[in-house]
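Working notes for the structure below.
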Amino acid sequence: MTVAADCALDMRGISKTFPGVKALSDVNFAVKFGTVHAVVGENGAGKSTLMKVLNGSYAPTSGTIRVGGAEVRMRRPADAQALGIRMVHQEINLVPDLSVAENVYLGRMPGKWTFLRKGEMIRAATAVLDELGAAIDPRERLGNLSISQQQLVEIAKAYAAQPRIIVLDEPTSSLSEHETAALFRILRKMRDDGIAIIYISHRLKEVLEIADEVTVLRDGSMIETRPIEGINAAHMIRLMVGREVSNVFPKSPAEIGKSVLRVERISDGTRFRDVSFDVRAGEILGLTGLVGAGRSEVARAIFGLSRLVEGSVTVNGREVSINSPSQAVRAGIAYVPEDRKGDGVVPGMSIRENISLPILRRLSRFGRISRSADHALAAESVKQFSISPPDGERRINLLSGGNQQKAVIAKWLAAKPLVLILDEPTRGVDVGAKAEIHHIIGQLVAGGMAVVMISSELPEILGVCDRVVVMRDGHASEPLLRSELSEERIMALATGEEMA
Amino acid sequence: MTEAAMEIGGVNRNDRFTRGSRLVGVLSKAGLAFAILAVMLYGSFVSPAFFTSGNLLNVLTSMSIVGIVVVGMTFVLVVGGLADLSVPATIACGAILSLGLQPVIGPLPAFVLAVGLAGLIGLLNGVLVGYVGINPIIATLGIGTIGLGIVQAAVGGVIVYGSNPASAEFAKGRLFGIPVVVLIFLVIALVGHFVLSRSFWGRWTLATGGNYSAAEASAVPVQAVKAGAFVITALASGISGGLLGLTLQSARPLIGGGYEFSAITAVVVGGVSIVGGFGSVPRAIAGLIFVQLLTNVMVLDGVRTPIQGFVLGILIVGAVGMDAALRKRGVS
C-alpha cells in the first residue's frame, strides 16, 4: 500500500504492549478521505486500544502514524484534536444542564475573555445542526432531549470542530432502526464533504449498509482490510472469530406451556398506558419499538423499580402487588436491566459478590452469609455460563461486556425465577458472546422458563422470539406471531407509518 | 490486565495507570501499619512518657469512646451516606439521659433508654436520608441541632451529675486488668466488623455504596440499608455518650462536640472511601489508632494546639485525596 494523497490516516506497524499483554501487534490501518471505514472485531480484538492510540490516549509501543501524509506524534487527546481527529464515544459525554448550542461549542465557545457571544454561538450551532439535517432547537436544554437526539448533538459537536477524521464508537447502540437511518444520512453527508469516518460497530448489517471499506481485527492483529463489496455478514463473522458461527440466532424449540406472567392494562401514568400481554412457560416474548416507546419503562414497572398507577400483574394465575424489586423476586420475576454499567453490576465487587446479591438472605443463617454456599454458587455460575476469566473473585468491572452480561444473567438465574425479563441483553457484546447469550436463553425456555426479551435489533427479535409485542408512544400492539412478522411490518407498527 | 478487560465500553478510563498499581496496592494495604509504627517510634524518641503503661492506657481509653462512634460512622461512609453530623447530639443524648434518669429508673434502664432514644434520632436521620432522599450532611445537621435543642431544654441547659456510684465504678473499672470501656469498644468493634464483612446486611451496605441503582435492581432494600447505617451510628454514639457520662459522672449538653470530627477523621484516614462502596471496620480502627497516637505524641512533644489542628486537617485532605487517586487507579 502506498501513501496516496487521499490517505487521511496511515497507521503502520502499530504495537501496544501492556505489562504481560500484547494488546496490538504490528497493525496496519489506513483510511482514505471521503470514505466510511468500518472496524469490526470481537470484544478484546483491539479496536478500542487502536482507537486510543489514534486519539492520543495511548502512546504506541512501536509503529508510525501519518495523518494527511505527515508523520505525527501524539502524546495526549488534545494533540489528536489539534490534528483534526474527533471521537464520538458510545456513552454520551455531554452536560445535561447546558443548552444544545453550549454543548456543541463546549470548550471552544466563541467570545473573548469571559464574555460569551451567545447569539453567535446559537447561530453557529443552528447552521451545523441544519447542515446535518437534525431537527433540534439549539436553545433547548440538552437533558430534555431523547438519547438519540443527544447522540446527534454529540456528532454535531464533533462535526462543528471541522475535523478531518471522525471516529464513531458504536454510535447506534442506543438508536432504533429509524433513528439509525437518520444517522446514516448524516454520515453520508459528512463523507461527501471529504471527511474520513471510522465506524466501529458490532452490528454487521449496518456495517454492510454504511461502510465503503472494512478492517477486521482479531486478537490484537489486523486480519484483513477490504472493500465492502463482495463481503457478507457470515464472511465477516468468520474473519472476526476465526471460525464459522453457523446460526447467529439459534432458537431451540421449546414446548410452550401455560401462561406464567400476565399484565393487563397497566399504566404508569406518564410513559405507557393500557399495556397488556402475557408470556407462557417455554416462550420468548419479544418487546420492541423505537427507543423511548416505553419498553424499558414497562419492564422496570413490572419489576417494581417504578410504580404502576393502573392495571394488574398476575404470576401463575395469582395477582401480585409489586412495589419493590424484592417483592418482584419473591413473585418469581427477574429483570436484567438495559444499562449494565449503571444498573447491572456493582463495580467494586467480585463476580461472586455480584451473583449472590439478590439471594443473600437465602444464603444466610442468623444473618451470616454461608461462605461455602456463596463460593459454590459463584463457581457453579462461572462454569455454567463459561464466564471468562473463570475466577469468581475477579472484580466484575474488569470483565469484558459480554462476560459482565453473562454474570448479570447468572445472578438472576440463581434466584430461580419463573419469568426472566431481559432488556437489550446483547447490546454492545461481541458476536461470540451474543451467540452464547442466545444459547443460554434457549436453554432456559427449554427448561420451562418464560422469557420477555426487549431488543431494538429486529433480526434478533425475529430470530429468537415466538411472539412479538411492538410498542409505540407508550402503547403496545397485540402480540404477533413470528410467522406473521417481517422487519418491515415491525417498523410500520413502531413508527405508525402505513405499510407500502 | 488483559485487553478484554480494557474494552469495557470506556468503563475503565484509567487503565493507563495500571503499571504503578502493585506499589500503590501494597501502600494502600500496609501503609497505615507503617505509619502507626513510625509514630510509635517517633513518640518513644521524643518523650520518655510515651511508652509508659499509664500513657498508653490513657490513649486506649479515650480512643475507645471515639472508637465506638467510628464503628458506626464506618457504615455511614461505606453505604455512601457521606457523614453523620448529628453525633454530638446523640452523644449528649446518651450521656445526659443515662445520668439524668438514674434517680428515676435506675442506672441500667437509664442507660438502655438513653441509647434507645439516641437510636431514635438515628432513625429520623435514616428516614430523611434513605427514604426522603435529603442530603445526609443537611439532614444530620438539622436533626442533630433539633435533638441537641430538645436535650438541652429537657435538662434546662445545666450540667447533669451522676447519682449512682456503683455504675460509675463499673464504667471506670477494669476487668482482667483491661478498662471496661476498652472491652466494650472491642466487643462493639468485633460485632461491627462481623456485620460489615460477613453478614448479608454488610454485603448490602457495600453494594448500596458501590452502585446504588444496581443494588436496587438486585432486590437489595437500598432505602432501609441506607437508613440502617444512620441508626447504627446513632446507637453507637448513644453507647459512647452513655459511657462518657458514666466515666465523667457529669454531662453537659455540649459534651459530644468534636466527636463527629474525630470519628470522620479516623474513618477517612483509615482509607474508607468517602463516596462509599469500600471500607472495613479494622481499616477505620487503624485510622483511629494512627490519629490518636499522633495526637498523643504531639501533646507529649508540646506541639501547640493550633498546629495539632493543622496537622489533622492536612491528614484528612491527604487521605481524601489518596482515596480519589486510588479510586482512579482502580486499587481500592
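The values are calculated or read from the model by the stated rules, or taken from the named source; none is laboratory data. Every value quoted in this text rests on a predicted model; they were computed, and no experiment measured them. So basically every Cβ, Gly included, is an ideal-geometry build from the backbone, and we count neighbours across all protein chains shown. Only protein heavy atoms, including side chains, enter the accessible area calculation; ligands, DNA and RNA are left aside. Shrake-Rupley method; radii C 1.70, N 1.55, O 1.52, S 1.80 Å.
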So, in region A:150-191, how many residues would count as being under 30 Å from A:ILE461 (Cα atoms) and either out of contact with any Asp or Glu (no Cβ under 9 Å at 6 or more places or on another chain) or not aromatic (Phe, Trp, Tyr) (or both)?
27
Examine region B:238-257 for a residue that is polar (S, T, N, Q), open to solvent by less than 20 Å² (accessible area, probe 1.4 Å) and within 14 Å of chain A (Cβ to nearest Cβ), and state whether such a residue exists.
no
Which of the helices (runs of 4 or more DSSP H) found entirely inside region B:47-153 contain at least 1 residues meeting this: touching a residue at least 24 places away in the same chain (Cβ under 8 Å) and closer than 30 Å to B:GLY302 by Cβ?
B:53-78, B:87-100
Scanning region A:382-399 residue by residue, those in a helix (DSSP H, G or I), more than 14 Å from every other protein chain (Cβ to nearest Cβ) and surrounded by 16 or more Cβ atoms within 10 Å (Cβ to Cβ) turn out to be A:VAL382
Residues being assigned to a helix (DSSP H, G or I) and either of a type outside the set (Asp, Glu) or within 16 Å of B:ILE91 (Cα to Cα) (or both) - total across region B:154-177
9
Quick check on my filter: what residues within region A:41-79 are open to solvent by 40 Å² or more (accessible area, probe 1.4 Å) and β-branched (Val, Ile, Thr)?
A:THR61, A:THR64
In region A:329-348, what count of residues is obtained for those that are facing another protein chain (nearest Cβ under 8 Å) and open to solvent by less than 10 Å² (accessible area, probe 1.4 Å)?
5
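This table checks each residue for (1) open to solvent by 10 Å² or more (accessible area, probe 1.4 Å); (2) outside the structural domain of A:VAL100 (by TED's automatic domain parsing); (3) of a type in the set (Lys, Arg).
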position: A:GLY133; (1), (2), (3): yes, no, no
position: A:ILE136; (1), (2), (3): yes, no, no
position: A:GLU140; (1), (2), (3): yes, no, no
position: A:LEU145; (1), (2), (3): yes, no, no
position: A:LYS157; (1), (2), (3): yes, no, yes
position: A:ALA161; (1), (2), (3): yes, no, no
position: A:ASP169; (1), (2), (3): yes, no, no
position: A:SER176; (1), (2), (3): no, no, no
Taking the conditions exactly as written (in contact with a Gly (Cβ under 7 Å, 6 or more places away or on another chain), within 14 Å of chain A (Cβ to nearest Cβ) and either open to solvent by 10 Å² or more (accessible area, probe 1.4 Å) or within 21 Å of B:ILE91 (Cα to Cα) (or both)), does B:GLY228 satisfy them or not?
yes
May I ask you to verify whether B:VAL182 is assigned to a helix (DSSP H, G or I) and of a type in the set (Val, Ile, Thr)?
yes
Residues of region A:439-463 satisfying the condition of being assigned to a helix (DSSP H, G or I), at pLDDT below 90 and surrounded by 23 or more Cβ atoms within 10 Å (Cβ to Cβ):
A:ILE461
Members of region A:17-40 that are open to solvent by less than 20 Å² (accessible area, probe 1.4 Å), at pLDDT 85 or above and farther than 14 Å from A:PRO227 by Cα:
A:LEU24, A:VAL27
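Starting from residues that are assigned to a helix (DSSP H, G or I) and within 23 Å of the chain's Cα centre (by Cα), keep the ones in region A:317-364 and report whichever is farthest from A:ASP278 (Cα to Cα).
A:ILE351
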What is the number of the single condition among (1) of a type in the set (Gly, Ala, Ser); (2) within 20 Å of B:ALA224 (Cα to Cα); (3) open to solvent by 40 Å² or more (accessible area, probe 1.4 Å) that B:ALA153 does not meet?
(2)
Evaluate region A:316-327: report whether one residue or more is under 21 Å from A:ARG467 (Cα atoms) and in the same structural domain as A:LYS406 (by TED's automatic domain parsing).
yes
Name the residue, out of B:SER98, B:SER197, that is of a type in the set (Ser, Thr, Tyr), in contact with a Ser or Thr (Cβ under 9 Å, 6 or more places away or on another chain) and within 14 Å of another protein chain (Cβ to nearest Cβ).
B:SER197
Tell me which of these A:LEU94 doesn't satisfy, since it passes every other one: (1) in a helix (DSSP H, G or I); (2) within 27 Å of A:GLY401 (Cβ to Cβ); (3) not polar (S, T, N, Q).
(1)
Output yes when any residue across region A:464-485 is open to solvent by 30 Å² or more (accessible area, probe 1.4 Å), modelled with pLDDT of 80 or more and of a type in the set (S, T, N, Q), and no when none is.
yes
Every residue from region A:318-328 that is at the interface with chain B (Cβ under 7 Å from one of its Cβ atoms) and crowded, with 22+ Cβ neighbours inside 10 Å
A:PRO325
Would you pick out the residues in region A:349-363 that are in contact with a Ser or Thr (Cβ under 6 Å, 6 or more places away or on another chain) and at the interface with chain B (Cβ under 7 Å from one of its Cβ atoms)?
A:LEU357, A:PRO358
How many residues are surrounded by 14 or more Cβ atoms within 10 Å (Cβ to Cβ) and under 22 Å from A:GLU120 (Cβ atoms) if we restrict to region A:80-105?
11
